[in-house]
Amino acid sequence: MISEDIHLTNTHTPIQSIDEPFFKSLSIRLSIKREDLNDKEIQGNKWLKLKTNLELAKQQGYKNLLTFGGCYSNHIYATAAAGRRFGFNTIGIIRGPEPEQLSPTLNFALQAGMQLHFINRLDYRNIHNAEIQQRIIKQFLPAYIIPEGGSNQLAVGSCADYAKTLPADYDVISCACGTGGTLAGLIKGSDNSKSILGIPVLKGAEFLFEDISNFLNTEVSADEPNNWTLNTNYHFGGYAKSSAELEDFIVEFYHNHSIKLEPVYTGKMMYALYDLIKKGYFKKNSRILAIHSGGIQGLDGFPELKKRLE
Ligand SMILES: *Cc1c(COP(=O)(O)O)cnc(C)c1O
């Protein structure tokens, strides 16, 4: 349960139908659930994953939230905003050396009161190592620790609760994947008649099959039928990598549907869905629900594209 003081401005976000002539000829229906509209700052799935953690942190009397991320992380952005709004101090352990010029995301986080602590990439990768924990994190304790991307069991549970609020009349639910925590929640909270399709945005994201199974507490097994899969062909070269083709797609999508996507997550997911529909991947008469997981602040890292969406 979320206490009354940790809540959002807009929990009733719309589902919009996306019409394209070629969908009709293939008898496919595509809709988008607009979680980019749930909040300006603590947006999309980052809110879904944070809310139960914030609630527990408050219950347990923590004043500090400590979390991890890169320079453009939507999770860092959302945590900083949540700290300011709900009265926590926030500490961001940031991957890589302190840049000469802060990214727009980190600038926002700093203004929202987050204390930024830069660590080298090797320490970041090995952050679970006890010696590194001792050296880096100890100085900030006591703090409620939220993993990178906000994905832990509580977050998965809250995404599962979210999935139960979605209307039943869809065959496929799709979402962009970073850590896979959100997708795990969508799988957990949906009945078996639905297929859940994740689009990883990282290159070489095959490890997510196992990570998601771990979030679900199930074994990965080739012969056990399951109702979810990942399509790892739409990373566009890797995390936060973009291309002219992807950006043209995002601009055209905006012109046709007045919905902003960004190239890190939601642009890749929507591009993938269009491409898979074209290729006949989905059964005839499929009704697909794409989750717009937010992250619009990420456009600040792509100023030219952002201009084309004005
Ligand atoms: C973080 C993020 C994701 C990925 O969520 P995971 O739970 O880490 O897979 C997807 N979309 C947006 C906009 C995000 O910010």
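The values are calculated or read from the model by the stated rules, or taken from the named source; none is laboratory data. A quick note: this is a predicted structure, and the numbers were derived from the prediction, not measured. As a convention, Cβ positions derive from the backbone with ideal geometry for all residues, glycine included, and neighbour counts pool all protein chains shown.
Set side by side, the residues Lys63, Lys46 differ, and just one is within 14 Å of the ligand (Cβ to nearest atom), touching a Phe, Trp or Tyr at 6+ places or on another chain (Cβ under 9 Å) and either over 26 Å from Gln139 (Cβ atoms) or not polar (S, T, N, Q) (or both), which is Lys46. Just so you know, in region 102-126 the residues that are assigned to a helix (DSSP H, G or I) and of a type in the set (Ser, Thr, Tyr) include one that is farthest from Ala78 (Cα to Cα), and it is Tyr124. Free of Cβ contacts under 8 Å to residues at least 40 places away in the same chain and in a loop (DSSP other than H, G, I, E, B) - does that describe any residue in region 282-296? Checked region 282-296: no residue is free of Cβ contacts under 8 Å to residues at least 40 places away in the same chain and in a loop (DSSP other than H, G, I, E, B). Screening Asn107 on (1) within 27 Å of Leu216 (Cα to Cα); (2) modelled with pLDDT of 95 or more; (3) more than 16 Å from the ligand (Cβ to nearest atom) shows it passes everything except condition (1). In the set (1) out of contact with any helix residue (DSSP H, G or I) (no Cβ under 8 Å at 6 or more places or on another chain); (2) part of a loop (DSSP other than H, G, I, E, B), Phe209 fails one condition alone, (2).
Being over 26 Å from Tyr234 (Cβ atoms), assigned to a helix (DSSP H, G or I) and out of contact with any Leu (no Cβ under 7 Å at 6 or more places or on another chain) is a property that Gly149 lacks. Scanning region 114-130 for residues that are modelled with pLDDT under 90 and not polar (S, T, N, Q) returns Ile127, His128, Ala130. Among the residues of region 230-251, those identified as exposed (fewer than 12 other Cβ atoms within 10 Å of the Cβ) and within 18 Å of Ile277 (Cα to Cα) are Asn233, Glu245. Any residue at all in region 183-204 that is of a type outside the set (Phe, Trp, Tyr), in contact with an Asp or Glu (Cβ under 7 Å, 6 or more places away or on another chain) and within 22 Å of Asn74 (Cα to Cα)? The answer is no, given that none of the residues of region 183-204 is of a type outside the set (Phe, Trp, Tyr), in contact with an Asp or Glu (Cβ under 7 Å, 6 or more places away or on another chain) and within 22 Å of Asn74 (Cα to Cα). So which residues in region 160-178 are within 16 Å of Asn227 (Cβ to Cβ), more than 7 Å from the ligand (Cβ to nearest atom) and of a type outside the set (Val, Ile, Thr)? Within region 160-178, Ala160, Ala163, Lys164, Leu166, Ala168, Tyr170, Asp171, Ser174 qualify.
Name every residue in region 277-300 that is within 10 Å of the ligand (Cβ to nearest atom) and β-branched (Val, Ile, Thr), in order of residue number. Answer for region 277-300, where residues must be within 10 Å of the ligand (Cβ to nearest atom) and β-branched (Val, Ile, Thr): Ile291, Ile296. Looking only at residues of region 238-276 that are in contact with a strand residue (DSSP E or B) (Cβ under 7 Å, 6 or more places away or on another chain) and outside any loop (DSSP other than H, G, I, E, B), we find that the one that is farthest from the ligand (Cβ to nearest atom) is His257.
Considering region 152-176, the residues that are of a type outside the set (A, V, I, L, M) and not in a helix (DSSP H, G or I) include one that is surrounded by the most Cβ atoms within 10 Å (Cβ to Cβ), namely Cys175.
Results for (1) within 18 Å of the chain's Cα centre (by Cα); (2) in the same structural domain as Arg34 (by TED's automatic domain parsing); (3) not hydroxyl-bearing (Ser, Thr, Tyr), shown as yes or no for each residue.
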residue: Asn217; (1), (2), (3): no, yes, yes
residue: Ser243; (1), (2), (3): no, yes, no
residue: Asn256; (1), (2), (3): no, yes, yes
residue: Phe282; (1), (2), (3): no, yes, yes
residue: Ala290; (1), (2), (3): yes, yes, yes
residue: Pro303; (1), (2), (3): no, yes, yes
